[in-house]
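The structure appears right after this line, and notes come after that.
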Amino acid sequence: MRIIEDIKVQYKMGGIANKMIYWNVGLYLLSIIFFYQFKVGGFDYPNWLAVSSDPNVLITRPWTLLTYAFFHFGFMHLFFNMMVLNFSSRLFLTFFTQKQYLGLYFLSAIFASITFVLSFYLLEKTSLMVGASAAIMALLVATTTYQPLMEIRLMLIGTVKLWHITAVLLILDLMQIQLDNTGGHIAHLSGALFGFMYIKLLQNGTDLSKIVTNVINFFSSIFDKKEKTPFKKVHVTHQKMTQKRESKIIMKDKTQQQIDEILDKISQSGYDSLTKEEKEFLFQSGK
């Protein structure tokens with residue numbers, strides 16, 4: 001139980017990068033229970049989670065353009081992706097905000113899945129795809145595009161430029177695109193392309209991540225209105241009560257000021273110097 005509590009604390013206290021890793025790992029563990037075929041020794045993801053290259057299937061399940069990016073085909077697939085995600089996330093968040101991180105992750109995943117579907121349709125192939133690699137490559141390439149000469153210290157290798165690491169990964173994808181996992185490599189490269197385009201547009205004043213932010217804010221505002229509706233009358237009543245209290249205080253201050261003026265007149269000229277209205281006012285105030 002202590003481990004679960006520690007995980008909850010780390011999830012709440014950690015930033016968006018930690019949360020994304022937790023989501024990927026957590027959904028992988030759930031997928032073992034529901035989708036792992038122990039007889040075959042592999043995962044069998046349904047086409048309502050994995051993105052299908054068949055446009056007819058995709059039309060009825062458009063959410064898979066994003067959901068596929070949170071599932072993996074095996075432990076090594078997950079392990080390598082989470083290592084690179086942790087590395088890329090820390091670099092990206094050095095220069096950009098968490099909202100931009102979330103926006104780039106989601107949009108690049110969608111862009112890569114659309115590219116995968118179109119490519120396989122043209123190649124007349126049918127397949128399912130899962131994995132966070134495309135979004136991870138987008139984060140890495142985006143950071144590299146923005147700061148290519150950033151120095152990175154690697155164990156057993158030493159200090160290298162960030163663009164060296166990114167170039168090696170992209171070259172490996174290009175070399176293997178016709179060997180195996182063609183769809184995965186297409187997704188990697190399209191994710192990288194989106195990361196490059198994102199930074200170039202950002203440098204020209206267009207932040208694509210605001211699309212995701214606006215969508216999230218839209219749905220948040222809908223839920224907030226539903227929650228706040230029962231309390232509107234209470235708020236108005238409180239405001240009116242506050243206004244009444246303020247008016248009473250102002251009225252009281254004005255009355256006291258008038259009394260003080262009358263008392264000053266009495267001290268200077270005597271009670272007989274008061275007018276009939278002043279005497280009446282003083283009498284009523286005395287009550």
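Modelled label-to-label distance, MET76 and MET175, 7 Å Cα→beta-carbon offset: nm?
Using points 7 Å along Cα→Cβ, the separation is 1.7 nm.
Explain nothing, just the number: relative contact order of segment 50-118, from Cα pairs under 8 Å at least 6 residues apart, as a whole percent.
Numbers: 32 pairs, mean separation 32.5, N = 69.
Over segment 50-118, the number comes to 47 percent.
Fully extended, how many nm does the chain gain between LEU123 and HIS164 (0.36 nm per residue separation, minus their Cα-Cα distance)?
Details: separation 41, 0.36 × 41 = 14.76 nm, distance 3.17 nm.
Using 0.36 nm per residue and subtracting the Cα-Cα distance, I get 11.6 nm.
Rounded to the nearest 0.05, what FRET efficiency is calculated for ASN214 and VAL9 with R0 set to 41 Å and r the Cβ-Cβ distance? Display every interim value, and only then the final one.
Numbers: r = 31 Å, r/R0 = 0.76.
Efficiency, from the Cβ-Cβ distance: 0.85.
Given 0.36 nm per residue, what is the gain on full extension from ILE157 to PHE34 after removing their alpha carbon distance, in nm?
Details: separation 123, 0.36 × 123 = 44.28 nm, distance 4.11 nm.
Length gained between ILE157 and PHE34: 40.2 nm.
Non-local amide H neighbours of PHE43 (under 5 Å, H modeled in plane, Pro and chain starts lacking H): which ones?
GLN37
Pull out the extension gain between LEU201 and ASN47, defined as 0.36 nm times the separation in residues minus the alpha carbon to alpha carbon distance; nm, one decimal.
Details: separation 154, 0.36 × 154 = 55.44 nm, distance 3.34 nm.
Gain in length upon complete extension: 52.1 nm.
Based on Cβ point charges of +1 for Lys and Arg and -1 for Asp and Glu, what charge dipole magnitude is obtained for segment 2-148 about its Cα centre, in debye rounded to the nearest 20? Numbers along the way, then the final one.
Numbers: 9 positive and 5 negative charges, 71 e Å.
Roughly 340 debye, rounded to the nearest 20.
Which pairs, out of LYS161/LYS200; LYS8/LYS39; LYS99/LYS200, put more than 22 Å between their alpha-carbon atoms?
Values: LYS161/LYS200 20 Å; LYS8/LYS39 34 Å; LYS99/LYS200 18 Å.
In this structure, LYS8/LYS39 exceed 22 Å between Cα atoms.
What does the highest-first list of 136-146, 28-38, 99-109, 120-130 look like by mean Cβ count within 10 Å? Don't skip to the answer; put the middle values down first.
On the way: 136-146: 26.6, 28-38: 12.7, 99-109: 22.5, 120-130: 15.5.
Answer by packing, highest mean first, reads 136-146, 99-109, 120-130, 28-38.
Every read-out reported here was derived from the displayed coordinates using simple, explicitly stated rules and does not represent laboratory data. Everything numeric here is computed off the predicted structure, so don't read it as measured data. No Cβ is skipped: glycine too gets one built from the backbone with ideal geometry, and neighbour counts run over all protein chains shown.
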